[in-house]
Every structure is written in C-alpha cells, then in structure tokens.
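The values are calculated or read from the model by the stated rules, or taken from the named source; none is laboratory data. Bear in mind that the values here come from a model prediction, so they are computed numbers and not experimental data. So basically every Cβ, Gly included, is an ideal-geometry build from the backbone, and we count neighbours across all protein chains shown. For the accessible areas, the whole protein counts, side chains as well, though only heavy atoms, and no ligand, DNA or RNA atoms are used. Shrake-Rupley method; radii C 1.70, N 1.55, O 1.52, S 1.80 Å.
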Amino acid sequence: EGLIQQAIKRELGRGGQVFFVHNRVNSIEATAHRIGTLVPGSRIGVGHGLLDEDTLETVMVDFFEKRIDVLVCTSIIESGLDIPNANTILVDRADTFGLAQLYQLRGRVGRSHRRAYAYLLIPGERMSDDARKRLAVLQDLDDLGAGFRLAAHDLEIRGAGNLLGKAPVSY
C-alpha cells in the first residue's frame with residue numbers, strides 16, 4: 001500500500017493522472033475506496049465493462065477532461081485509449097494477465113513528454129512459472145518495435161499448440 005500511495009501521490013504532484021487496473025468487477029468499488037483512503041483528496045472514478053454505456057462514457061470523459069485524478073478500472077482500457085496526461089499505471093495482480101495484455105496496458109502511459117511509470121503489482125504468494133516468465137519478458141521489452149519480440153516470447157511461453165504437430169486431427 002505504501003508503494004501505491006507513493007506512486008499516485010508522485011503523479012498527482014506533477015499534475016498528472018493515474019490508471020489503476022483492478023480486473024475484478026466484484027471488488028473494484030472496494031479497491032477504489034481503499035485508494036481514496038490511501039490518497040485523501042484525490043478524485044477517483046471507476047470504469048468497467050458492466051457499467052451502462054452512458055455511465056461509462058461519463059467516467060471516461062471526466063477522466064479525459066481531468067475531472068478525475070485516478071481511474072480505477074478493468075482491462076477495458078487496454079486498447080484505443082489515449083490520455084496524454086495519464087503517465088502512471090498500476091496493474092493489480094499483474095501475474096493474472098497475459099503477456100500481450102500487459103504490453104497493451106503498459107502502452108496506455110508514456111504518450112507525452114513526461115516520464116511514464118508502470119507498476120505491475122504481484123501477490124506475495126508463489127506465482128506460476130509462466131507468470132514469472134511473462135513479467136520477466138515485459139521488463140526487457142522497453143524499446144520501440146518490441147511487439148514482434150513480444151509475440152515470439154508469448155509463443156515460446158504458451159507454446160504453438162499442435163496446429164502443425166503430429167497429433168491426429170479429430171472432426
């Protein structure tokens with residue numbers, strides 16, 4: 001919680017905004033409340049795919065127009081969202097996301113002249129070997145044009161399946 005508080009306060013202190021990705025709708029409101037407790041005075045909005053269209057649009061417009069400081073949301077933001085003033089993202093339980101998803105989420109920040117920060121929060125308990133590999137790959141892919149290498153690593157971690165393998169095809 002100290003790291004979350006520090007990261008959010010740093011970004012708000014320089015006039016920016018924060019994405020906090022919490023990919024479980026059933027506990028997203030409690031998470032937003034927890035962040036409000038950690039960073040009193042911050043304006044927090046909640047966005048996820050189960051909101052009705054008008055409510056979600058209002059939240060996103062409010063974030064875009066800087067009426068919300070911290071957007072607590074699901075991975076709904078992973079593509080197609082460009083908020084140049086949001087330069088910090090915290091991804092809760094990053095070990096539960098796929099490599100391409102994490103790469104897309106990380107790409108939501110760093111769209112302006114300001115330095116961007118991506119915090120991938122993981123649990124204290126043991127992670128799967130695949131989750132550990134995904135996070136290690138993501139740490140190394142920080143240059144432009146890394147998308148192809150990401151796809152190659154993803155294929156290596158998950159495997160190619162048996163599309164071209166020797167397994168018999170059943171119809």
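Things worth noting here:
- Once segment 125-155 is narrowed to residues that are open to solvent by 50 Å² or more (accessible area, probe 1.4 Å), modelled with pLDDT under 75 and not in a helix (DSSP H, G or I), the residue that is farthest from D82 (Cα to Cα) is E125.
- Residue ID - farthest from I44 (Cα to Cα), chosen from residues in segment 85-124 that are of a type in the set (A, V, I, L, M, F, W, C) and surrounded by fewer than 17 Cβ atoms within 10 Å (Cβ to Cβ): A100
- One residue stands out in segment 85-119 among those that are aromatic (F, W, Y) and not in a loop (DSSP other than H, G, I, E, B): the one that is farthest from Q5 (Cα to Cα), namely Y103.
- Just one of the numbered conditions (1) open to solvent by 60 Å² or more (accessible area, probe 1.4 Å); (2) of a type in the set (G, A, S); (3) under 19 Å from the mean Cα position of the chain (by Cα) is not true of G13: (3).
- If you go through segment 61-84 and pick out every residue that is over 15 Å from the mean Cα position of the chain (by Cα), at pLDDT 95 or above and either part of a loop (DSSP other than H, G, I, E, B) or crowded, with 18+ Cβ neighbours inside 10 Å (or both), you end up with 6.
- Selected residue (only one of V46, V39, V21 is on the phi < 0 side of the Ramachandran plot and in contact (Cβ under 8 Å) with a residue 40 or more places away in the chain): V21
This table checks each residue for (1) in contact with a Ser or Thr (Cβ under 7 Å, 6 or more places away or on another chain); (2) within 20 Å of T74 (Cα to Cα).
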position	(1), (2)
G2	no, no
Q5	no, yes
K9	no, no
H22	yes, yes
N26	no, yes
E29	no, yes
L38	no, yes
G45	no, yes
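- Residues that are outside any strand (DSSP E or B) and open to solvent by less than 20 Å² (accessible area, probe 1.4 Å) were ranked within segment 23-49; the one that is modelled with the lowest pLDDT is H48.
- Qualifying positions in segment 111-133 - under 19 Å from A100 (Cβ atoms), touching a Lys or Arg at 6+ places or on another chain (Cβ under 8 Å) and of a type in the set (D, E, K, R): D130
- Verdict on I8 being in contact (Cβ under 8 Å) with a residue 60 or more places away in the chain and β-branched (V, I, T): yes
- When the test is whether a residue is open to solvent by 60 Å² or more (accessible area, probe 1.4 Å) and either closer than 25 Å to A100 by Cα or not in a loop (DSSP other than H, G, I, E, B) (or both), A7 does not pass it.
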